[in-house]
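FYI, it's all coordinate maths here, none of it is from the lab. Source: prediction; values computed, not measured. Here the Cβ positions follow ideal geometry from the backbone for every residue, glycine too, while neighbour counts run over all protein chains shown.
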Amino acid sequence: MLAVLVAAAFACGCLCPCPGETGEDCESYDTGYRDTCYWMQGAETLDQSLCEEIADDRIRGWCYSDIAAETQDATLCARVGLRDDRLWCQAEAENDTSWCDEIDEPKDRIGCNAKVRRDATLCRSIDSQVGVDSCITEIAIALGDATLCDDVDDDDIRSYCYEETLAGL
């Protein structure tokens, strides 16, 4: 899940603007971009009804997860289809790493623990550089700490990291 979250930001082939900017008409996109658009808008506005417009089950789950994490409403996690994604949702919504420890996929287990603990040093134990970079980026965005982006190796992910952390200032 971790690398996919950051990779979704590149789904449109750009860093910004991408599908999902608030106020954009998501229906103007093909299905994949449309789903990303609704996900980004739902997460930005905390509007669950936008998640319901998403055709892809996994992306719909990420939409609910983002809203659950932001609002600390763990009841939304029941709408997340995949077990590991649902556990990550619970962990973030409840700020409880014990949920992370139940995740089967090792890189996601590490990423979940790192994000809930807000500890980018944990990301270094992920076995792929894209996974490490994505993990660090997620934490940098969550903390609004652009200095963490200095540790991201991939140029595109690093640019995205800076853009998103600085946008929150």
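Each of 133, 151, 156 was scored by other Cβ atoms within 10 Å of its Cβ. Listed from fewest to most, they are 156, 151, 133.
Computed from the alpha carbon atoms alone, the convex hull of the range 27-75 holds 60 Å³ per residue.
Between residue 31 and residue 95, the FRET efficiency from the beta-carbon distance, with R0 = 41 Å, is close to 0.75.
Between residue 150 and residue 45, the FRET efficiency estimated from the beta carbon spacing at R0 = 25 angstrom works out to 0.20.
Kirkwood Rh over Cα pairs of the range 73-119 into Stokes-Einstein at 20 °C, 1.002 mPa s: D in µm²/s?
Numbers: Rh = 10.1 Å.
After rounding, the answer is 211 µm²/s.
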